[in-house]
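Structure first, commentary second.
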Amino acid sequence: ESPIKVIKKDGTRIPFDRNRIRAGIEKACYKRPISNDQIDKLVAEVESSIYEDGLREIPSRQIGEMVFKALRDLDKVAFVRFASVYREFKDIGEFQAQIEDLKE
């Protein structure tokens, strides 16, 4: 069991699980030209950052931000897919604003 606990939005704490990060990234990267090696590297980078901080607990939102930034550099479509779930867009305007930010 992981010594690090993830604090979810509802305040519950669960053990850190790198497979949860991988599953989210894989969904965002579905049918994109991204190899398993690239996904493995991204997951390893996020996991390494979490352990380097030395914290015993980390908010899920902070993990999401790490993935968010890494995907932005890896693949813009995967980034927007992840952002649409992670940022919980309420309408098309929020979605368009995120795409406009990418264009800049």
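The values are calculated or read from the model by the stated rules, or taken from the named source; none is laboratory data. All figures in this text were calculated on a predicted structure; none of them were measured in a lab. Glycine also receives a Cβ, built like all others from the backbone with ideal geometry; neighbour counts cover every protein chain displayed. When the accessible area is computed, the model is the full protein with side chains, heavy atoms only, and any ligands, DNA or RNA have been set aside. Shrake-Rupley method; radii C 1.70, N 1.55, O 1.52, S 1.80 Å.
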Inset, instruction - Scan (1) more than 10 Å from the chain's Cα centre (by Cα); (2) in contact (Cβ under 8 Å) with a residue 40 or more places away in the chain for the single condition L71 breaks and write down its number. - result: (1)
Inset, instruction - Within segment 50-90, track down each residue that is touching a helix residue (DSSP H, G or I) at 6+ places or on another chain (Cβ under 6 Å), of a type outside the set (D, E, K, R) and closer than 16 Å to R32 by Cα. - result: A70, L71, A78, F79, F82, A83
Legend entry - Residues of segment 8-50 satisfying the condition of being in contact with a strand residue (DSSP E or B) (Cβ under 7 Å, 6 or more places away or on another chain), aliphatic (A, V, I, L, M) and touching a residue at least 12 places away in the same chain (Cβ under 8 Å): I50
Inset, instruction - Please state which of the following conditions R32 fails to meet, knowing it meets all the rest: (1) surrounded by 13 or more Cβ atoms within 10 Å (Cβ to Cβ); (2) in a helix (DSSP H, G or I). - result: (2)
Inset, instruction - Go through (1) farther than 25 Å from K103 by Cα; (2) open to solvent by 70 Å² or more (accessible area, probe 1.4 Å) one by one and return the number of the condition G54 breaks. - result: (2)
Legend entry - Only one of Q98, Q62 that is part of a helix (DSSP H, G or I), surrounded by 13 or more Cβ atoms within 10 Å (Cβ to Cβ) and over 13 Å from the mean Cα position of the chain (by Cα): Q98
Legend entry - Options V46, V6: the member that is β-branched (V, I, T), open to solvent by less than 40 Å² (accessible area, probe 1.4 Å) and under 13 Å from the mean Cα position of the chain (by Cα): V46
Inset, instruction - Scan segment 3-29 residue by residue and report those that are acidic (D, E) and assigned to a loop (DSSP other than H, G, I, E, B). - result: D10, D17
